[in-house]
Amino acid sequence: MPPPIRFTLNGTPVSLDTAADRTLLWVLRTDLELTGTKYGCGVGLCGSCTVVVDGKAVRACLTTLEAVQGKTVLTIEGLARDGALHPLQEAFHEHGGYQCGYCTSGMIMNAYALLEQHPTTSPDAIVAGMEGNLCRCGAHPRIVAAISAAAGRRGGSHD
Amino acid sequence: MTSATGMDRREFVRILGGGIVVLVNLPMTSVLDGPELAARQRRGYPEDINAYLHIAEDGAVTLYSGKIEMGQGVMTSLTQMAAEDLAVPFESIHIVMGDTASCPWDMGTFGSLTTRMFGPAVRAAAAQARLILTDLAAERLGAPRDGLAVEDGIVYVKADRARRVSYGELARGQRITHTVDEKAVLRAVEEFRIMGRSPQRLDGREKVTGAARYAGDMRFPGMLYARLVRPPAHGATMTRVDTSGAEALPGVTVVHEDDFVAVLAADPETAARALDRVKAEFDVPAPTLDTETIFDHLVRVAGSPNTPDQGGDLATGRVRSAQTFDVTYENAYVAHAPMEPHTAVARVEAGTMTVWSSTQAPFTQQTAIARAIGFRPDNVRVITPYVGGGFGGKVSGQQAEEAARLALRTGKPVQVAWTRAEEFFYDTFRPAATIRVISGMDGAGKLTLWDYQVYGAGARGSDVFYDVPNRSVRVYGEWGRAPDGMHPFAVGAWRAPAANSNRFAAEQQIDIMAAAAGMDPLEFRLHNVTDPRMVATLKAVADAYGWTPRAAPRKTGRGRGIACGIDAETYVALIADVTVDSAAGRVRVDRVVCAQDMGVVVNPDGSRMQMEGCIMMGLGYVFSEEVRFEGGKILDTNFDTYGLTRFSWMPKIDTVFVKNDALPPKGGGEPAIVNMGAVVANAIFDATGARMRRLPMTPARVLAEIRKG
């Protein structure tokens, strides 16, 4: 029996007895029933499955469990605290930075990592930083507005 | 209720419990204009539309709608309409959508019809409920009805506001079912308190927290994830299949019924591995058509046309023309590519098959599933959670039938979620089209001739709103009713079906003539159109843009274009600015201004979102989206080669409404996309003098046209 996979998920330690070569996306969605992270393309081209691992945005569909061993994983479900929305979530809600909502988790998680690294980023840098995330409904202008608003907020995170 | 659910109204009301139920049965004639109604009747749509509104004994208000929420925001706008005419707070209404067991029959969510067709039914139900409650209040308060007013679900005596009673108190102990068969008295625009405003969307919090459930997010104990063996090309037939490799994998179930071959497992990765181990062979017919040869083929197999618009005489038109223009336009097959692929979860329990499906047409799916599994339709329930984008592509979809078949066969809950490649394969693409326009004008720049032939796309958007005395529109192969063999795979409705193709051709043709006349393209349009709504819309977009007259092309590498159209009874005009890199053929859209006359605007911000969404989505088909194929084999299977709009393409967007409160609300989900091809092509012409007659306008094609000079 191989050793269990251990990592921190949304602030809580988890230990999974499963194959280390399994894909984070499917383990999140099936074993852990965290369905906010979405399948869109399966090969890292759309960003719908974006989660944050040790502060960096990664594509969960390209990430094995082995790759998150001992690390900190944050998904959309871990962003709000005690029912209070994260400033990015609030901004997406206020600015209408979504339509069908299917790409939204990935958009917010990608933006989260972007703002963690560059807290006062410009609209041009936001556009560049979001380039790899696809939205079919065309909510792009409002997504950029939402991220800009969150970036402009003092104390733009829970921490 | 229709027989599709097998439940009659009495039974429905019993299930709801006590309180007050208002059912609406409005004939379609009251909400659609003549030509559109005739078109729909030809397609066999039923004439009834229905809405149910329930005021429970505790005062809870529930609106039941067979429509679905796929991002277009109707969950919010329908609730606004009900709240407005019922006179209750927006937040107090609960809406149930797309559930065949509790919602009224609905043909499907498409055609920008929810607001303009279903909206009046919702408003009528709400207004009727308000009347019933006011009558009950008059009795309860011992006051004449005329002396009562309603605010936030409380009926009070105008002369003595302390004498009051709530809807909840009035509904208690009642068991009233009322049917509205005529238009009830609706609140006038000046009285609006909830409509005409932009409350935060009802689906927002769930969507930003990841809590929003889509079909693929349903979880049941013992649920199996299925993968199916797919053919390599449309038209291929399975000749041999060996599933032994998959069967040898622990935890894998194989279902094999003729060419229906599926592998199922407790997680999707095991199912994928099992699918890899299935050895299937297919007979693939030799390809006869491809991405380049399709356009001539469409013309060759066209058959005889429909003739939606005829006037005057083409020969006379030619004689009266000082100049004529004969131009052919082409556009590629385009995918819907919603971010959520088609997905369904099916579960059979006590003889009822319940399917959670990503669909735009739950009632159509209910019938299809019943047929596929041999159940009576009333033993099939389709529930539509949030849908992750549709754009017409989820009007159809066999995934729900596949899941139901597998659930029945295995006795377990089964999920069928298409991969991106399956999504690109089974999509009902926007049809490729060839459009030939022969037009003419006299020496004064007045249109004299419009000889318009469209092959492959359809009629929508081909109507001639310019004043042309001699005109003929001939439509060969309306999508959905194309001659056999016209398209090598399924085609279907794609956000404003056919209109994107038709406006691409028609609005460039107008631009070509304006340039030949040496006239400013806006002025040329105004010179040839008298329809007051179109005149107002063109002027509005020009004002918002800051248009100054000059003829095109300027040929400085920067250009502006204009285009207009009518879609879903909404008038729309756009102006775009572009910068063209003439060495690389790359085009950047710098700014888009969009003006719309859509009648009463129910939710201004929601409407703007749709306009922006249309513009952003439209840039994809303008510059890169093209489904390439060899015979029945689809060559684009993911987003690496099939390019959607990206953040960096985003222009500055301005949206304006042309105020028209005299007109009931018209469609908003589609109009702004129909002109995207022409408005950009016309701007490229102004920037370079090159005329882009084919969609998408890839850098290679732009470069080729520029080099032609």
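The values are calculated or read from the model by the stated rules, or taken from the named source; none is laboratory data. On a predicted model such as this, the values are computed, not experimentally measured, just so you know. Glycine gets a Cβ as well: all are built from the backbone with ideal geometry, and neighbour counts include every protein chain shown.
Observations, loosely collected:
- Pairs linking a residue in region B:250-274 that is in the same structural domain as B:Met238 (by TED's automatic domain parsing) to a residue that is polar (S, T, N, Q) and assigned to a loop (DSSP other than H, G, I, E, B), with Cβ atoms under 8 Å and 6 or more positions apart or on different chains, are B:Val254/B:Thr243; B:His256/B:Thr243; B:Val261/B:Thr243; B:Val263/B:Thr243.
- Boolean, B:Asp640 is within 13 Å of chain A (Cβ to nearest Cβ) and surrounded by fewer than 19 Cβ atoms within 10 Å (Cβ to Cβ): yes
- Whenever a residue of region B:198-223 is over 17 Å from A:Cys49 (Cα atoms) and more than 9 Å from chain A (Cβ to nearest Cβ), its partners that are among the charged types (D, E, K, R) and part of a loop (DSSP other than H, G, I, E, B), lying with C-beta atoms within less than 6 angstrom and at least six residues away or across chains, give the pairs B:Gly222/B:Lys412.
- Selected residue [part of a helix (DSSP H, G or I), over 22 Å from B:Arg161 (Cα atoms) and among the small types (Gly, Ala, Ser)] from B:Ala101, B:Ala126, B:Ala138: B:Ala126
- Within region B:623-634, the presence of at least one residue that is part of a loop (DSSP other than H, G, I, E, B), within 14 Å of chain A (Cβ to nearest Cβ) and among the hydroxyl-bearing types (Ser, Thr, Tyr) is confirmed.
- Residue selected from region B:220-253 under the condition in a strand (DSSP E or B) and touching a Leu at 6+ places or on another chain (Cβ under 9 Å), by the criterion nearest to B:Lys412 (Cα to Cα): B:Leu224
- Looking across region B:61-85 at every residue that is assigned to a helix (DSSP H, G or I) and without any contact (Cβ under 8 Å) to a residue 60 or more places away in the chain, the one that is farthest from the chain's Cα centre (by Cα) is identified as B:Ala82.
- Summed over region B:600-622, residues that are more than 9 Å from chain A (Cβ to nearest Cβ), surrounded by fewer than 24 Cβ atoms within 10 Å (Cβ to Cβ) and assigned to a helix (DSSP H, G or I) total 1.
- Scan of region A:95-130 for residues that are at the interface with another protein chain (Cβ under 7 Å from one of its Cβ atoms) and under 24 Å from B:Val74 (Cβ atoms), ordered by number: A:Gly96, A:Tyr98, A:Gln99, A:Cys100, A:Gly101, A:Tyr102, A:Cys103, A:Thr104, A:Ser105, A:Ile108
- Residue selected from region B:86-110 under the condition more than 19 Å from the chain's Cα centre (by Cα) and among the hydroxyl-bearing types (Ser, Thr, Tyr), by the criterion farthest from the other protein chains (Cβ to nearest Cβ): B:Ser102
- Looking only at residues in region B:661-695 that are among the small types (Gly, Ala, Ser) and assigned to a loop (DSSP other than H, G, I, E, B), the one that is nearest to B:Lys555 (Cα to Cα) is B:Gly689.
- Odd one out for A:Thr50 among (1) surrounded by fewer than 21 Cβ atoms within 10 Å (Cβ to Cβ); (2) more than 9 Å from chain B (Cβ to nearest Cβ); (3) not aromatic (Phe, Trp, Tyr): (1)
- Within region B:468-481, restricting attention to residues that are over 20 Å from B:Arg628 (Cβ atoms) and part of a loop (DSSP other than H, G, I, E, B), the residue that is modelled with the lowest pLDDT is B:Gly480.
- Flag for B:Glu340 being crowded, with 19+ Cβ neighbours inside 10 Å and of a type in the set (D, E, K, R): yes
- Taking region B:224-235 as the range and being of a type outside the set (Lys, Arg), buried (at least 18 other Cβ atoms within 10 Å of the Cβ) and either more than 9 Å from chain A (Cβ to nearest Cβ) or within 24 Å of the chain's Cα centre (by Cα) (or both) as the test, the residues that pass are B:Leu224, B:Ala226, B:Leu228, B:Val229, B:Ala233, B:His234.
- Positions within region B:647-660 being out of contact with any His (no Cβ under 8 Å at 6 or more places or on another chain), part of a loop (DSSP other than H, G, I, E, B) and more than 19 Å from B:Ser112 (Cβ to Cβ), in sequence order: B:Pro651, B:Lys659
- Looking only at residues in region A:53-70 that are in a strand (DSSP E or B) and within 13 Å of chain B (Cβ to nearest Cβ), the one that is farthest from B:Thr641 (Cα to Cα) is A:Thr64.
- Screening A:Gly83 on (1) at pLDDT 95 or above; (2) within 11 Å of another protein chain (Cβ to nearest Cβ) shows it passes everything except condition (1).
- Just one of the numbered conditions (1) in contact with an Asp or Glu (Cβ under 7 Å, 6 or more places away or on another chain); (2) exposed (fewer than 14 other Cβ atoms within 10 Å of the Cβ) is not true of B:Glu191: (1).
- Flag: B:Ile634 matches the condition of being modelled with pLDDT of 95 or more, touching a Phe, Trp or Tyr at 6+ places or on another chain (Cβ under 6 Å) and crowded, with 19+ Cβ neighbours inside 10 Å.
- Among (1) assigned to a helix (DSSP H, G or I); (2) in contact with a helix residue (DSSP H, G or I) (Cβ under 9 Å, 6 or more places away or on another chain), the one test that B:Arg116 misses: (2)
- Selection within region A:8-30 - surrounded by fewer than 16 Cβ atoms within 10 Å (Cβ to Cβ) and within 12 Å of chain B (Cβ to nearest Cβ): A:Thr18, A:Ala19, A:Asp21
- Residues that are outside any loop (DSSP other than H, G, I, E, B) and under 30 Å from B:Phe425 (Cβ atoms), drawn from region A:2-51: A:Thr23, A:Leu24, A:Leu25, A:Trp26, A:Val27, A:Leu28, A:Arg29, A:Thr30, A:Asp31, A:Thr50, A:Val51
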